[in-house]
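The values are calculated or read from the model by the stated rules, or taken from the named source; none is laboratory data. It should be emphasised that the depicted structure is a prediction, and the values quoted were computed from it without experimental measurement. Neighbour counts run over all protein chains shown; Cβ positions are idealised from the backbone, glycine included.
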Amino acid sequence: MFPRWTPFNRLGHLWQWILDDHRQVLPASPMGKSLPERFVLWVDGVGGYLACLSDEITLGQATPETTVDIPILADLSGKHATLRRQGEHYLIEPAGKVFLNGTKVEEPVLLADNDLLTLGDDVELRFQMPHPLSATACLNFTNHYRTEPRSDAILLISQSLILGPGNHNHVVCRQWPENIVLFHEKNRLYCRSRQAVELDGQPLKSTTPIQCGQQISLDGCAISLEEV
Amino acid sequence: MVDQHHDGPGDSVEKQPINFTHASGSSPLEGYTIKRGIGVGGFGEVYFAISDGGKEVAIKRIQRHLDIELRGMRQCLNIKHPNLLCLFDIRQDEQDTGWIVMEFISGKNLKELLEESPQGFPRDQAVAWIHGITSGVAHLHRHGIVHRDLKPANIFMDDGLVKVGDYGLSKFISCSRQGGQTESVGTFHYMAPEIGKGEYGKQVDVYALGIMFYEMLTGDVPFDGESSQEIIMKHLTDEPDLAGIDSRFKLAISKALEKDASKRFRDGTELLDALPKPDYTRLKDFTKPPEAPVPVAPDPRVRVSETTVPKSPASPGLTTWYDLARSELKSSPSRDRLTQLLGSLLKASLVSTILTLIMLPIGGIPIDGQPGTMSFFGWLLTSHISFCWAVLLLGHYWESRKGDETIRRLVMFGVGVGAGTLAFFTASFLNLSLVDFHRPSGSMQWPWMAANGIPTLGQYAINYGILFAVICWWKQADSFRPLRIDLLNAVACALVTWLLPIVPLPWSLMMAASISITVQASAPFLPEKDRKRYKIQIRRYH
């Protein structure tokens with residue numbers, strides 16, 4: 001198991017090796033359509049996740065006209081806060097009433113793993129960066145609030161998203177035999193796993209970008225991407 | 001970390017990865033688009049889907065179905081209860097496959113929550129869970145439906161409300177069980193012994209509820225084993241080990257887990273009466289369910305004719321509204337009861353002070369601040385307050401119980417002797433000469449009175465004892481008395497006291513009347529709207 005992450009080991013050489021390995025197989029000029037900035041990741045038997053690729057993500061009230069990335073069914077401002085990713089760090093910029101671990105936030109502050117964000121009166125979101133070697137973060141509602149459309153969690157995908165049985169994965173899929181890693185580069189997602197992965201029933205090459213509407217499957221586990 | 005959600009009203013969700021028949025984005029059932037698979041139960045896949053109008057639902061695909069079985073489902077379609085998972089519709093697709101459209105619940109089921117708490121839940125939480133589950137099951141039983149497959153994987157929590165799912169599919173379950181298909185070993189943990197004989201009465205559900213309550217309190221099922229045969233054998237022969245169970249729940253669990261179905265609670269309603277009520281103010285994850293048709297003990301006459309189940313002490317035949325209210329009071333949280341008692345004691349002290357100040361001038365003692373007056377006032381006040389407190393304490397203790405009046409009077413006599421002794425010593429402590437005060441009224445001379453008129457300890461003790469025992473004081477401190485303050489009570493008390501040779505006029509009359517008024521003014525009184533609620537409940541069953 002990896003040690004608890006620190007800024008020094010996050011980009012440790014192991015990860016560097018994975019990234020290098022991954023870069024080698026990527027085509028110089030990516031083919032295929034790029035993904036939208038956000039989409040829903042449906043994982044059979046596990047849950048549905050609102051995935052955001054952008055480095056700047058807005059949160060606000062879910063209304064028919066909303067343009068925010070994370071629309072929440074709650075009494076919030078149209079644009080209530082912005083989450084900004086800078087390298088491996090996340091900042092929260094309040095536009096409405098925002099509390100971080102119970103303290104009111106007036107200007108941009110840095111988020112740490114397991115911080116509790118409160119938007120408005122009582123919309124509580126847990127900010128987590130579970131994987132020591134990935135800057136991808138997850139937001140979970142701790143009370144009854146939800147996004148529109150419904151999601152079990154919000155994934156802020158940096159370079160990689162790891163799904164699998166381990167507890168430190170971004171999406172914990174206990175019954176899976178193997179991890180699936182989704183790599184994000186220039187709004188394209190590529191998929192890798194130690195076992196053979198299929199895309200819509202055909203063997204998937206790690207150089208083929210995944211599109212919305214497609215289904216990735218591996219020995220009984222299935223992931224689908226849907227445009228929001 | 002995003003934890004895995006085996007959510008939705010699936011039934012026992014299989015723990016292996018599954019290849020779902022229908023992929024995300026497909027619409028096998030017209031009007032609904034499948035988003036993802038939730039799980040596979042004993043008889044069909046469950047999907048999370050969104051209707052064309054945007055409603056989020058769970059849809060269950062029933063692979064093998066007979067019309068007769070779907071009819072069984074239809075019976076449940078319109079049953080509503082806050083603790084039952086809502087069924088929306090039963091549909092058939094173009095291939096004639098049956099689909100059940102139902103409420104979608106995200107979050108973990110009880111099975112997963114129990115796996116996370118190997119030591120069981122905290123007691124308050126376990127009580128709230130079992131109360132919710134039993135309320136839902138009792139509602140099914142009242143509609144003549146037996147769940148038959150109660151197990152933690154079928155229980156969900158939605159926004160603080162416990163939800164029972166997968167009811168009405170019992171016919172399928174029994175078929176597949178007899179065929180020995182698709183049932184995992186885990187299911188046998190909740191199976192009542194008589195199921196082997198093919199008996200599926202309401203007591204089957206009562207048994208499963210007993211097992212679940214046991215599991216939530218201890219973290220383990222009472223009967224476990226390596227194989228299904230071993231578990232079934234234990235259900236048939238082993239006695240559950242109740243050593244670690246709180247004594248408040250022992251009776252209910254042991255009765256629910258009786259081997260002989262006829263010795264168990266007859267149905268969910270009867271079990272519900274024997275269970276403690278959850279204190280929702282102390283449970284932050286639970287919400288108090290809205291007022292549902294409140295289950296009360298059914299008509300005792302029916303019970304006698306139908307079975308020979310001995311009456312549980314927790315569910316006596318309730319015939320009047322105040323019996324019902326008393327039985328509910330017994331299970332109300334002790335902290336609230338204590339607060340109520342302390343409040344009434346405080347009120348009694350205030351009212352006593354005011355009434356004593358009024359009594360002094362009437363009794364011919366001017367309020368002049370003289371030391372003699374002050375100590376007499378002090379003595380009168382302490383006697384008054386101690387009398388009222390004794391009545392309030394006993395009334396509080398007795399109001400939630402049924403008891404024999406003679407015994408209560410004897411207890412009152414004992415308490416009176418104590419109060420009299422206290423009054424005597426207070427008087428001697430304050431150096432009060434109460435010769436004038438205690439001049440025997442009339443010409444009656446009682447053996448325990450001193451001939452010279454100077455009161456003795458024995459006189460005080462016995463006088464007070466009689467005064468306590470002669471009047472049913474506790475009835476004036478009862479929450480369920482007909483009027484909050486009935487002045488006729490005060491008059492009656494004064495009259496009775498007048499006949500007793502205890503203290504001279506006018507003190508005897510004034511003391512008795514003012515104590516009666518103080519007790520009535522400070523004892524808790526059940527408001528009219530709650531009385532009405534109990535009366536309606538009782539009427540429903542008679």
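Could you say whether any residue in segment B:434-449 is assigned to a loop (DSSP other than H, G, I, E, B) and at pLDDT 60 or above?
There is at least one residue in segment B:434-449 that is assigned to a loop (DSSP other than H, G, I, E, B) and at pLDDT 60 or above.
Under 6 Å by Cβ, and 6 or more places apart or on different chains, what pairs join a residue from segment B:357-373 that is closer than 22 Å to B:Thr518 by Cα with one that is exposed (fewer than 13 other Cβ atoms within 10 Å of the Cβ)?
Going by the 6 Å Cβ cut-off, the qualifying pairs are B:Leu360/B:Ile367.
Looking at segment A:39-56 only, could you name the residues that are in a strand (DSSP E or B) and in contact (Cβ under 8 Å) with a residue 60 or more places away in the chain?
A:Phe39, A:Val40, A:Leu41, A:Trp42, A:Val43, A:Gly47, A:Gly48, A:Tyr49, A:Leu50, A:Ala51, A:Cys52
Which one is surrounded by the most Cβ atoms within 10 Å (Cβ to Cβ), of the residues in segment B:56-68 that are more than 11 Å from every other protein chain (Cβ to nearest Cβ) and modelled with pLDDT of 90 or more?
Ranking the candidates gives B:Ile59 first.
Condition first: touching a residue at least 12 places away in the same chain (Cβ under 8 Å), touching a helix residue (DSSP H, G or I) at 6+ places or on another chain (Cβ under 7 Å) and farther than 30 Å from B:Ile34 by Cα. Can you find one or more residues in segment B:108-120 that meet it?
yes
What are the residues in segment A:198-208 that are of a type outside the set (Asp, Glu) and either more than 13 Å from chain B (Cβ to nearest Cβ) or over 14 Å from A:Leu182 (Cα atoms) (or both), if any?
Selection gives A:Gly201, A:Gln202, A:Pro203, A:Leu204, A:Lys205, A:Ser206, A:Thr207, A:Thr208.
Do you know which residues across segment A:158-167 are more than 12 Å from every other protein chain (Cβ to nearest Cβ) and not small (Gly, Ala, Ser)?
If the condition is that a residue be more than 12 Å from every other protein chain (Cβ to nearest Cβ) and not small (Gly, Ala, Ser), then A:Gln159 is the only one that fits.
Taking segment B:334-345, which residues are among the aliphatic types (A, V, I, L, M) and either touching a residue at least 40 places away in the same chain (Cβ under 8 Å) or outside any helix (DSSP H, G or I) (or both)?
Correct list: B:Leu341, B:Leu345.
Within segment A:57-94, which residues are of a type in the set (D, E, K, R) and in a strand (DSSP E or B)?
Across segment A:57-94, the qualifying residues are A:Arg84, A:Arg85, A:Glu93.
I want to confirm something. Restricting to segment B:9-47 and keeping residues that are closer than 19 Å to B:Tyr167 by Cβ, at the interface with chain A (Cβ under 10 Å from one of its Cβ atoms) and in a loop (DSSP other than H, G, I, E, B), which single residue is modelled with the lowest pLDDT?
Only one residue tops the list, namely B:Gly10.
For segment B:450-491, enumerate the residues that are surrounded by fewer than 12 Cβ atoms within 10 Å (Cβ to Cβ) and modelled with pLDDT under 75.
Result: B:Ala451, B:Asn452.
For segment A:125-139, give me each residue that is polar (S, T, N, Q) and more than 15 Å from A:Leu41 (Cβ to Cβ).
A:Gln128, A:Ser134, listed by residue number.
Matching residues to (1) buried (at least 19 other Cβ atoms within 10 Å of the Cβ); (2) polar (S, T, N, Q):
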position	(1), (2)
A:Asn143	no, yes
A:Cys173	yes, no
A:Asn179	no, yes
A:Cys191	yes, no
A:Gly201	no, no
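State which residue pairs qualify: first residue touching a residue at least 12 places away in the same chain (Cβ under 8 Å) and inside segment B:200-229, second residue surrounded by fewer than 18 Cβ atoms within 10 Å (Cβ to Cβ) and assigned to a helix (DSSP H, G or I) in any location, beta carbons under 6 Å apart, and separation of 6 or more residues or different chains.
The qualifying pairs are B:Ser228/B:Val185.
Between A:Gln195, A:Gln215, A:Gln211, which is within 14 Å of another protein chain (Cβ to nearest Cβ), over 15 Å from the mean Cα position of the chain (by Cα) and crowded, with 18+ Cβ neighbours inside 10 Å?
Among A:Gln195, A:Gln215, A:Gln211, only A:Gln215 is within 14 Å of another protein chain (Cβ to nearest Cβ), over 15 Å from the mean Cα position of the chain (by Cα) and crowded, with 18+ Cβ neighbours inside 10 Å.
Working only within segment A:115-128, note down all residues that are touching a residue at least 40 places away in the same chain (Cβ under 8 Å) and not charged (D, E, K, R).
Residues satisfying the conditions are A:Leu119, A:Gly120, A:Val123.
Pick out the one residue from B:Ile100, B:Ile79 that is touching a strand residue (DSSP E or B) at 6+ places or on another chain (Cβ under 9 Å), at pLDDT below 90 and crowded, with 22+ Cβ neighbours inside 10 Å.
Answer to the check: B:Ile100.
Quick one: would you say A:Ser193 is of a type in the set (Gly, Ala, Ser) and touching a Ser or Thr at 6+ places or on another chain (Cβ under 6 Å)?
No; evaluated as a whole, the condition is false for this residue.
With the checklist (1) crowded, with 17+ Cβ neighbours inside 10 Å; (2) more than 9 Å from chain B (Cβ to nearest Cβ); (3) over 30 Å from B:Lys55 (Cβ atoms) in hand, flag the one item A:Thr147 doesn't pass.
(3)
Just one of (1) touching a residue at least 12 places away in the same chain (Cβ under 8 Å); (2) surrounded by fewer than 15 Cβ atoms within 10 Å (Cβ to Cβ) trips up A:Pro64, so point out which.
(1)
Quick grid of which residues meet (1) polar (S, T, N, Q); (2) free of Cβ contacts under 8 Å to residues at least 12 places away in the same chain; (3) under 24 Å from A:His184 (Cβ atoms):
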residue	(1), (2), (3)
A:Thr58	yes, no, yes
A:Pro71	no, no, yes
A:His80	no, no, no
A:Gly87	no, no, yes
A:Tyr90	no, no, yes
A:Asp113	no, no, yes
A:Pro130	no, no, yes
A:Ala137	no, no, yes
A:Pro149	no, no, yes
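From A:Leu182, A:Leu155, grab the single residue that is within 26 Å of A:Gly87 (Cα to Cα) and within 11 Å of chain B (Cβ to nearest Cβ).
Going through A:Leu182, A:Leu155 in turn, the sole match is A:Leu155.
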